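Peer 1: Can you keep this structure in mind? I'll have questions shortly.
The values are calculated or read from the model by the stated rules, or taken from the named source; none is laboratory data. Small disclaimer: the values here were computed from a predicted structure and weren't measured. Here the Cβ is made from the backbone with ideal geometry for all residues, glycine too, and neighbour counts use every protein chain on show. Accessible surface areas use protein heavy atoms only, side chains included; no ligands, DNA or RNA. Shrake-Rupley method; radii C 1.70, N 1.55, O 1.52, S 1.80 Å.
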Amino acid sequence: MRVVIAEDQVLLREGLARLFDDCGHEVVATRGDADGLVAMVADLSPDLVVLDVRMPPTFSDEGVRAAADLKASMPNLGVLVLSQHIETVHSVGLIEHPGFGYLLKDRVLEVGEFMATCERVAAGGSALDPKVVANLVGGRRGAGFATLSEREVEVLGLMAQGLTNTAIAHRLVISDRTVESHVRRLFVKLDIPESANEHRRVLAVLAHLRGTAPG
Amino acid sequence: MRHHSGMGLHLRPAHWVVLLAAVLVEGAAIALSWGREPRWDSVVYAVYALANVSAGVLVLARHPRHRIGWLLIATGLLQAVVTDLGQGWALSGTARGWPGSAAADLAANSAWAIGGGLMTATFVLFPDGRLPRSGRVWPWVLPLGGIGSVVLLAGWATGDQVDPLLVGGRNPLRSDTVPSQLLYWVGFLALTTGMLLGAVAMVLRMRRAKGVERQQLKWMVFAVAVVLVVLPSAPFYGSFVFVRIADALVLTALPLAALAAIWRYRLYDIELIVSRTVLYLALTVVLGGLFAALVVGLGLVFGGGSTIATALSTLLVTLAFRPLRRWLQRHLDRRFDRGRYTAMADVAGFLADLREGRSEPERVYDVISAASGRMRSPEARAAMVPVLEQEASLAIEMVRLRAELRHQLEEVRDSRLRIVEAAEAERRRIERDLHDGAQQRMVSIGLALRHVQHELGGSATGVGQTLEAAVREVTDTIDELRDIARGIRPGVLDDGLAPALRDLAHRAQLPVAIEAPELRYPKDVETAVYFIACEGVTNALKHSGATHLGIEVRQLGPRLVVRVSDDGVGGAQVRDGGGLVGVSDRVAAHGGRFRIESSPGHGTTLVAELSCGS
């Protein structure tokens with residue numbers, strides 16, 4: 001996998017580069033800001049771009065805007081946005097696109113999962129930080145939710161994170177078939193339209209969790 | 001009103017000459033008459049003459065061509081030269097055979113007729129030295145006065161009425177052919193009528209006049225009234241010292257009143273002067289009478305001439321003095337000076353309202369303006385304002401103190417706000433340093449450890465396990481830092497108040513219903529609201545045993561209203577050291593209001609109002 005990293009904190013940038021390197025991926029470029037990032041990415045055609053939400057000069061939403069620009073011009077590019085803390089405001093718009101991920105920065109220390117997530121995003125899947133999902137799930141107290149079992153809630157959460165059924169099965173240490181049945185029951189109980197396309201599935205789940213109509 | 005030139009005094013040489021001449025003449029007159037007539041008389045007449053001359057000179061000093069100035073000088077000089085000097089000449093000279101002593105004698109004793117005419121003319125020309133422009137009474141005055149005084153003079157000087165007054169005892173001009181008595185009485189009648197009509201005309205003019213002219217006429221009318229009141233005592237001139245003093249004062253009253261009026265001296269205090277004069281006269285009469293009655297009455301009880309009677313009478317009269325004076329003063333003010341009376345009453349009414357709490361001190365200026373508007377002229381109004389201010393001095397002082405207090409409070413409020421803002425800035429800085437700085441560094445350390453782990457062959461080895469544990473520590477530290485930073489200032493607040501409150505709700509163990517606008521407010525306001533909600537929720541979780549919580553933020557105009565409610569046991573109070581003190585202080589520091597709606601068994605609602613401007 002070819003990766004481009006845009007992160008203003010030097011230590012973090014270099015640490016991330018080393019991590020990708022250790023795991024066998026190729027870091028083709030690193031940047032300290034979002035200036036001219038789109039052009040550079042167009043030039044280098046990586047599989048994945050990892051961005052910080054906040055970068056110079058204003059440290060507000062440079063990364064998000066760059067991500068939006070990248071997604072607009074290169075829809076097949078995997079874009080992963082890293083954030084200091086849970087900011088749903090910025091990620092909301094972008095989750096609509098396939099091949100987009102939003103993680104908290106400390107997530108990078110769980111190397112295995114982080115790499116899996118990166119590969120998933122580069123392949124066109126979705127990723128949403130578990131803490132963000134936990135927020136959304138934890139906030140739901142509406143009808144239908146009360147009928148879910150604990151396991152079903154877990155599966156829902158992992159689905160929202162963008163994991164495939166296989167990945168969910170792997171995480172929960174249960175069989176694929178069990179996962180599938182959980183998923184089916186979830187969709188019935190929560191009245192979510194089924195979809196084979198993972199991305200659309202994630203969207204549907206998220207939409208349900210956030211209480212808005214799926215896009 | 002014709003405005004005469006200049007306000008300054010221009011005493012020209014001519015004036016000094018006249019004054020000096022008058023003084024010299026009188027000096028000579030006194031010297032000549034001293035001892036030959038009652039000394040008091042000499043002095044009194046001299047004073048009268050000089051008063052007239054001085055008044056005339058002073059009038060001319062300010063109003064160079066004022067006719068009354070000339071009239072007063074004429075009156076004074078007539079008195080000085082003809083009457084006093086002539087009398088002196090006659091008194092000293094008759095015995096010594098000085099030439100013309102008899103003529104001087106006659107002249108001296110007849111000049112009063114002319115004086116009467118001059119006075120009549122003064123009445124008519126008052127106060128600006130010109131004849132009135134309208135009126136049906138005054139055209140009679142001058143002819144009557146003029147002709148009257150001449151005829152009177154003719155009758156007097158040729159008759160025998162003057163005999164007792166002459167040194168020689170016999171009128172040299174006495175004539176049997178001239179109908180002296182007739183002339184005298186006709187002239188006297190005419191002159192008196194003229195003088196009375198002149199006075200009446202002045203009164204009529206006063207009633208019709210406005211402003212300055214009216215006040216000036218009041219001076220003169222007052223003086224004439226005084227003269228008329230004292231006049232009946234003339235027959236007792238010889239018997240009572242008291243009468244002599246009164247007469248002397250009164251004689252000088254007319255020229256001085258004329259001067260005061262023309263110089264516009266204290267024009268707006270005339271009513272006050274009149275009412276006070278009447279007041280003290282009435283008081284004297286009433287108390288004097290009361291004293292006499294008491295002495296007699298008590299004397300009957302205790303025995304005539306007893307000291308107890310006198311002492312008791314004195315005591316009772318003294319006690320009666322103040323209330324009587326107040327009562328009389330109020331009624332006289334109401335009679336004589338309606339405007340002033342009402343104005344003072346208005347202010348008194350306002351002060352009473354103030355005491356009862358029906359009004360506030362700041363209204364004092366409006367009240368004084370309105371009250372002074374009761375006066376009938378702008379000058380009177382201007383003169384009344386300081387008096388009213390004196391009366392309302394307490395209220396004015398209150399206004400000043402309250403303004404000062406308000407100013408101080410504002411300063412305190414401003415400094416409080418500054419402190420709050422400084423604290424807020426400090427927190428943001430700490431949060432930024434903690435969260436962004438330290439946290440980022442921790443992630444970097446973690447990555448470095450991961451790298452080393454990788455280099456050393458993964459987590460299967462012993463070293464790998466140690467490193468794995470280290471990375472876990474790092475992750476935990478990051479979480480802790482995040483919590484600490486959130487405790488100081490949650491990062492989610494950067495997204496806005498509503499997301500931060502939703503985050504708070506998620507982390508609470510109970511269902512929390514959030515209702516907040518998706519708007520942004522100044523950073524310190526959002527932080528304050530967030531922490532108010534935080535402390536409210538904490539307090540509810542700790543003490544209320546509630547099952548449902550609610551946080552509601554609503555904007556009402558310039559204010560943000562935050563309500564944190566629970567359905568617990570109720571009975572919450574702000575206690576020292578309790579969590580609610582923190583909320584109360586925080587709200588107060590933002591210049592807001594905080595209250596608790598809580599009754600036992602009905603849950604608790606904390607209500608905080610903050611201004612949402614910056």
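Peer 1: For the structure I just gave you, tell me whether residue B:422 is under 25 Å from residue B:527 (Cβ atoms), out of contact with any Ser or Thr (no Cβ under 8 Å at 6 or more places or on another chain), away from chain A (no Cβ under 12 Å) and of a type in the set (Gly, Ala, Ser).
Peer 2: yes
Peer 1: Looking at this structure, is residue A:117 open to solvent by 10 Å² or more (accessible area, probe 1.4 Å), part of a helix (DSSP H, G or I) and touching a strand residue (DSSP E or B) at 6+ places or on another chain (Cβ under 6 Å)?
Peer 2: It is true that residue A:117 is open to solvent by 10 Å² or more (accessible area, probe 1.4 Å), part of a helix (DSSP H, G or I) and touching a strand residue (DSSP E or B) at 6+ places or on another chain (Cβ under 6 Å).
Peer 1: Could you check residue A:46 against (1) at pLDDT 80 or above; (2) touching a Phe, Trp or Tyr at 6+ places or on another chain (Cβ under 8 Å); (3) more than 14 Å from every other protein chain (Cβ to nearest Cβ) and say which number it fails?
Peer 2: (2)
Peer 1: Continuing with the same structure: Among (1) touching an Asp or Glu at 6+ places or on another chain (Cβ under 8 Å); (2) within 14 Å of chain A (Cβ to nearest Cβ); (3) surrounded by fewer than 17 Cβ atoms within 10 Å (Cβ to Cβ), which single condition is residue B:487 missing?
Peer 2: Result: residue B:487 passes all but (1).
Peer 1: Residues in the range B:435-472 that are within 11 Å of another protein chain (Cβ to nearest Cβ) and either part of a helix (DSSP H, G or I) or at pLDDT 90 or above (or both): how many?
Peer 2: 24
Peer 1: Given the residues B:298, B:294, B:287, B:279, which is the only one that is closer than 30 Å to residue B:217 by Cα and either among the acidic types (Asp, Glu) or touching a helix residue (DSSP H, G or I) at 6+ places or on another chain (Cβ under 6 Å) (or both)?
Peer 2: B:279
Peer 1: Of all residues in the range B:347-373 being free of Cβ contacts under 8 Å to residues at least 40 places away in the same chain and surrounded by 19 or more Cβ atoms within 10 Å (Cβ to Cβ), which is nearest to residue B:212 (Cα to Cα)?
Peer 2: Once the filter is applied, the top-ranked residue is B:372.
Peer 1: Still on this structure, I have one more. Determine whether residue B:501 is open to solvent by less than 40 Å² (accessible area, probe 1.4 Å), over 19 Å from residue A:131 (Cα atoms) and either facing chain A (nearest Cβ under 8 Å) or not small (Gly, Ala, Ser) (or both).
Peer 2: no
Peer 1: Now a separate question. Got a sec? Which of B:312, B:300, B:290, B:283 is open to solvent by less than 50 Å² (accessible area, probe 1.4 Å) and part of a helix (DSSP H, G or I)?
Peer 2: Only one candidate passes the filter, namely B:283.
Peer 1: Of all residues in the range A:39-53, which are open to solvent by 50 Å² or more (accessible area, probe 1.4 Å) and touching a residue at least 12 places away in the same chain (Cβ under 8 Å)?
Peer 2: Scanning the range A:39-53 gives A:42, A:44, A:45, A:47.
Peer 1: Please count how many residues of the range B:434-448 are open to solvent by 40 Å² or more (accessible area, probe 1.4 Å) and touching a residue at least 12 places away in the same chain (Cβ under 8 Å).
Peer 2: So the count comes out to 1.
Peer 1: Now for a different question. Of these, B:431, B:421, which one is touching a Lys or Arg at 6+ places or on another chain (Cβ under 6 Å), under 25 Å from residue B:538 (Cα atoms) and either assigned to a loop (DSSP other than H, G, I, E, B) or in contact (Cβ under 8 Å) with a residue 24 or more places away in the chain (or both)?
Peer 2: Testing whether each residue is touching a Lys or Arg at 6+ places or on another chain (Cβ under 6 Å), under 25 Å from residue B:538 (Cα atoms) and either assigned to a loop (DSSP other than H, G, I, E, B) or in contact (Cβ under 8 Å) with a residue 24 or more places away in the chain (or both) leaves just B:431.
Peer 1: Something else: I want to confirm something. Restricting to the range B:59-81 and keeping residues that are surrounded by fewer than 21 Cβ atoms within 10 Å (Cβ to Cβ) and part of a helix (DSSP H, G or I), which single residue is nearest to the chain's Cα centre (by Cα)?
Peer 2: B:62
Peer 1: Considering the range B:171-186 alone, what residues qualify as being assigned to a helix (DSSP H, G or I) and open to solvent by 90 Å² or more (accessible area, probe 1.4 Å)?
Peer 2: Correct list: B:181, B:182, B:185.
Peer 1: Can you tell me how many residues within the range B:239-268 are open to solvent by 40 Å² or more (accessible area, probe 1.4 Å) and farther than 28 Å from residue B:43 by Cα?
Peer 2: Quick first cut of the range B:239-268, residues open to solvent by 40 Å² or more (accessible area, probe 1.4 Å) only: B:239-242, B:244-245, B:249, B:251, B:256, B:263-266, B:268.
Add one more test, that the residue is farther than 28 Å from residue B:43 by Cα, and what stays is B:264, B:266, B:268.
Summing the residues that are open to solvent by 40 Å² or more (accessible area, probe 1.4 Å) and farther than 28 Å from residue B:43 by Cα in the range B:239-268 gives 3.
Peer 1: Pairs, please: C-beta under 9 Å, at least 6 apart or cross-chain, first residue without any contact (Cβ under 8 Å) to a residue 12 or more places away in the chain and in the range B:168-188, second surrounded by fewer than 16 Cβ atoms within 10 Å (Cβ to Cβ) and in a loop (DSSP other than H, G, I, E, B)?
Peer 2: Hits for this filter: B:170/B:160.
Peer 1: OK, next. Right, residue B:311: within 30 Å of residue B:59 (Cα to Cα) and of a type in the set (Gly, Ala, Ser) or not?
Peer 2: no
Peer 1: Please name all residue pairs, on different chains or six or more residues apart, with Cβ atoms under 8 Å, provided the first residue is in the range B:23-46 and is open to solvent by less than 30 Å² (accessible area, probe 1.4 Å) and the second residue is not in a helix (DSSP H, G or I).
Peer 2: Qualifying pairs under 8 Å: B:42/B:34.
Peer 1: Can you tell me which of (1) open to solvent by 30 Å² or more (accessible area, probe 1.4 Å); (2) over 30 Å from residue B:230 (Cα atoms); (3) in contact with a Leu (Cβ under 7 Å, 6 or more places away or on another chain) is the one residue B:325 doesn't meet?
Peer 2: Of everything listed in (1) open to solvent by 30 Å² or more (accessible area, probe 1.4 Å); (2) over 30 Å from residue B:230 (Cα atoms); (3) in contact with a Leu (Cβ under 7 Å, 6 or more places away or on another chain), residue B:325 misses just condition (2).
Peer 1: Please give the number of the condition residue B:542 fails out of (1) surrounded by fewer than 14 Cβ atoms within 10 Å (Cβ to Cβ); (2) at pLDDT below 85; (3) within 11 Å of chain A (Cβ to nearest Cβ).
Peer 2: Unmet for residue B:542, out of (1) surrounded by fewer than 14 Cβ atoms within 10 Å (Cβ to Cβ); (2) at pLDDT below 85; (3) within 11 Å of chain A (Cβ to nearest Cβ): (3).
Peer 1: Out of all the residues in the range A:120-136, which are within 12 Å of another protein chain (Cβ to nearest Cβ) and open to solvent by 10 Å² or more (accessible area, probe 1.4 Å)?
Peer 2: Within the range A:120-136, A:131, A:134, A:135, A:136 meet the criteria.
Peer 1: Next question. I need every pair where a residue in the range A:10-21 that is within 9 Å of another protein chain (Cβ to nearest Cβ) and over 16 Å from residue A:107 (Cβ atoms) has its Cβ under 7 Å from the Cβ of a residue that is basic (Lys, Arg) and open to solvent by 10 Å² or more (accessible area, probe 1.4 Å), sequence separation at least 6 or different chains.
Peer 2: A:11/B:441
Peer 1: Just to check your reading of the model, which residue among B:189, B:196 is open to solvent by 50 Å² or more (accessible area, probe 1.4 Å), in contact with a helix residue (DSSP H, G or I) (Cβ under 8 Å, 6 or more places away or on another chain) and modelled with pLDDT of 85 or more?
Peer 2: B:189
Peer 1: Now for a different question. If residue B:88 satisfies every condition in (1) closer than 23 Å to residue B:123 by Cβ; (2) touching a strand residue (DSSP E or B) at 6+ places or on another chain (Cβ under 9 Å) but one, which is the exception?
Peer 2: (1)
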